[in-house]
Ligand SMILES: Cc1cc2nc3c(=O)[nH]c(=O)nc-3n(C[C@H](O)[C@H](O)[C@H](O)COP(=O)(O)OP(=O)(O)OC[C@H]3O[C@@H](n4cnc5c(N)ncnc54)[C@H](O)[C@@H]3O)c2cc1C
Ligand SMILES: Cc1cc2nc3c(=O)[nH]c(=O)nc-3n(C[C@H](O)[C@H](O)[C@H](O)COP(=O)(O)O)c2cc1C
Ligand code: FES
């Protein structure tokens, strides 16, 4: 019996439901010697803004128990830089490329979304309204319902590409934001981004991160992420992409059972660059073991 | 660059808490150039989400070795790994040292594990020069025999005077540099940031080149996460970030923007 792992997210066809998460896989070439990019469900590239951004001073990450706090500060080469130096490499592969975008103002979100309209080799956009590492803007966009609607609607008006909205990890209102994204025309939602966090060096009494605080990712956040994905999936009809601490196939299957159509693997790639590919294989094994033909037979399969 | 499950062939104490770990890595070992490193996944370190970077001390016959010291949780657990176990490696990583000195006399300067990082270079350089090693105590001065066997005289300084002269490694270096060889010198260094900066300043003052291997905390180790950045002078007079794991860990001293500049 054939097993079908393929999924479709708002028109983006993926060979399997396991993507690599924004900011953890660079722009593709960094891991190309280690893993076959064509076996990934999709590649979500590091967040792109209209102009180049230098990001935060080091230290930019700190390891905690089962997790990682990062405060990269959204360093990126900007729209033009990515179109010139980043995207051509990825066109050489047969894998959907999803560009993660962000801005400091609604106009910047519009500008960067519009900038990809003519670009060949972009399967879809993921709008980051949820990064904890930018002081002026994005965190607010994800934490204020009116502003959130304005940004999503504005980006929607500027792009015909499949549009994924990446939600802030705000547990108390996750269903509300999920519905708002759907209402404003998003084709899918993804969650969660890293969770605001910090660490202190008790000898020097200084914060361990140059930016003082950052966002926590990795296995430590998985149970929280799972709860939010479950809430979001119950609230909307559009597909949900589950993210947060996924490190093995069992983790990914939990998210699928909670209602996710696909998942993204972030921090786990640092320990095991082949994590996403191995997770996709593991999902296939699970389907076989349970006599299921298609990964959609798992999505939302949680029993009460 | 590749990922390889490497079997532990040998794992023994050398001195002062340092251990030597020898791994069978037929894929990675032949590709290693001087100053490159491997990103090692510490086995049984369940709470960790990151690998740990280590300079390659030696690479031959399909095996590579590292010298390391207990510096925290990961290295403490690594110490317990037994021969026969496998360890996942990614490598070789980074650009390493240029294995040439343009006809000048090569001068190696190392503190702590820097001696390990310079060992392959000492073997690969087209001519022998002189090495200066520094440490807190005699326990921190590694591989002197190996360097001498390769034909390098080694001058030593320790902060407590337990080996060589008392003080910082820059003291014997400065003394020696009062009469530099006629053909000039090319410096290669690995060690704590303060030491590297002192070497860089001397190189700039003397008109020499100094190739400095930086130590930065790392996430991915391959250039994807932007954890390990260093400020580097840009051609337009400004600066840019470069990734120590990809464009480094070795930079020429003039490229580096020192933190409080
Ligand atoms: C390019 C490079 C080459 C290195 N080569 C050697 C070597 O040959 N021998 C050797 O003994 N050590 C070497 N180090 C330092 C070594 O990586 C650290 O000692 C090690 O990561 C400590 O891990 P831990 O879990 O024991 O420490 P913890 O403090 O528990 O680790 C917490 C986190 O901080 C990181 N970290 C802590 N100290 C350092 C450090 N000094 N440098 C970078 N990351 C650090 C760890 O990797 C980990 O991500 C090298 C570092 C770099 C960047
Ligand atoms: C180093 C690092 C950089 C990140 N950069 C971005 C980014 O640019 N845009 C974004 O939307 N999310 C970014 N993220 C968040 C991840 O995409 C993901 O949502 C989060 O890490 C949770 O997943 P994980 O636990 O599998 O890592 C970043 C995460 C890390 C660890
Ligand atoms: S450690 Fe990730 S970019 Fe250098």
Checked segment A:258-275 for anything touching a residue at least 40 places away in the same chain (Cβ under 8 Å) and farther than 17 Å from residue A:4 by Cα; matches are A:258, A:259, A:264, A:265, A:266, A:267, A:268, A:269, A:270, A:273, A:274
Conditions (1) touching a residue at least 40 places away in the same chain (Cβ under 8 Å); (2) assigned to a helix (DSSP H, G or I); (3) crowded, with 17+ Cβ neighbours inside 10 Å; (4) away from chain B (no Cβ under 14 Å) -> residue A:126 fails only (2)
Only one of B:259, B:255 is at the interface with chain A (Cβ under 10 Å from one of its Cβ atoms) and more than 16 Å from ligand 2 (Cβ to nearest atom), namely B:259
Query raised in the report: If we scan segment A:245-258, do we find a residue that is part of a strand (DSSP E or B) and at pLDDT 95 or above?
Result: no
Across (1) out of contact with any helix residue (DSSP H, G or I) (no Cβ under 9 Å at 6 or more places or on another chain); (2) more than 14 Å from chain A (Cβ to nearest Cβ); (3) within 16 Å of ligand 1 (Cβ to nearest atom), residue B:167 clears everything bar (3)
Residues in segment A:255-276 that are surrounded by 21 or more Cβ atoms within 10 Å (Cβ to Cβ), farther than 16 Å from residue A:42 by Cα and away from ligand 2 (no atom under 13 Å from the Cβ) total 3
A careful count of residues in segment A:68-83 that are at the interface with chain B (Cβ under 7 Å from one of its Cβ atoms) and crowded, with 23+ Cβ neighbours inside 10 Å gives 2
Those residues of segment B:221-231 which are at the interface with chain A (Cβ under 7 Å from one of its Cβ atoms) and either touching a residue at least 40 places away in the same chain (Cβ under 8 Å) or within 15 Å of residue B:257 (Cα to Cα) (or both) amount to B:222, B:229
Within segment B:232-247, of all residues that are assigned to a strand (DSSP E or B) and facing chain A (nearest Cβ under 10 Å), the one farthest from ligand 2 (Cβ to nearest atom) is B:239
| request: Please verify whether segment A:33-40 includes one or more residues that are more than 7 Å from chain B (Cβ to nearest Cβ) and modelled with pLDDT under 95. | output: no
Counting only residues in segment A:47-61 that are more than 7 Å from chain B (Cβ to nearest Cβ) and buried (at least 24 other Cβ atoms within 10 Å of the Cβ), the one farthest from the chain's Cα centre (by Cα) is identified as A:49
Exercise. Would you say residue A:25 is away from ligand 1 (no atom under 16 Å from the Cβ) and assigned to a helix (DSSP H, G or I)?
Worked result: no
Of A:16, A:38, A:100, the only residue that is in contact (Cβ under 8 Å) with a residue 24 or more places away in the chain and part of a strand (DSSP E or B) is A:100
Just one listed residue, out of B:157, B:189, B:210, is over 27 Å from residue B:94 (Cα atoms), touching a helix residue (DSSP H, G or I) at 6+ places or on another chain (Cβ under 8 Å) and assigned to a strand (DSSP E or B), and it is B:157
Within segment A:105-117, residues in a loop (DSSP other than H, G, I, E, B) and surrounded by 19 or more Cβ atoms within 10 Å (Cβ to Cβ) come out as A:116
Scanning segment B:46-71 for residues that are within 11 Å of chain A (Cβ to nearest Cβ) and modelled with pLDDT under 95 gives B:46, B:47
Among A:234, A:205, the single one that is out of contact with any helix residue (DSSP H, G or I) (no Cβ under 8 Å at 6 or more places or on another chain) and surrounded by fewer than 21 Cβ atoms within 10 Å (Cβ to Cβ) is A:205
Those residues of segment A:84-103 that are more than 19 Å from residue A:113 (Cα to Cα) and either within 14 Å of chain B (Cβ to nearest Cβ) or within 16 Å of ligand 1 (Cβ to nearest atom) (or both) come to a total of 1
Every listed condition ((1) within 14 Å of chain B (Cβ to nearest Cβ); (2) touching a helix residue (DSSP H, G or I) at 6+ places or on another chain (Cβ under 7 Å)) holds for residue A:23 save (2)
Apart from one, (1) within 16 Å of ligand 3 (Cβ to nearest atom); (2) within 26 Å of residue B:156 (Cα to Cα) all hold for residue B:52; the odd one out is (2)
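The values are calculated or read from the model by the stated rules, or taken from the named source; none is laboratory data. In this text the structure is predicted, and so the values were computed from the model without any measurement. With ideal geometry, Cβ positions are generated from the backbone for all residues, glycine too; neighbour counts draw on all protein chains shown.
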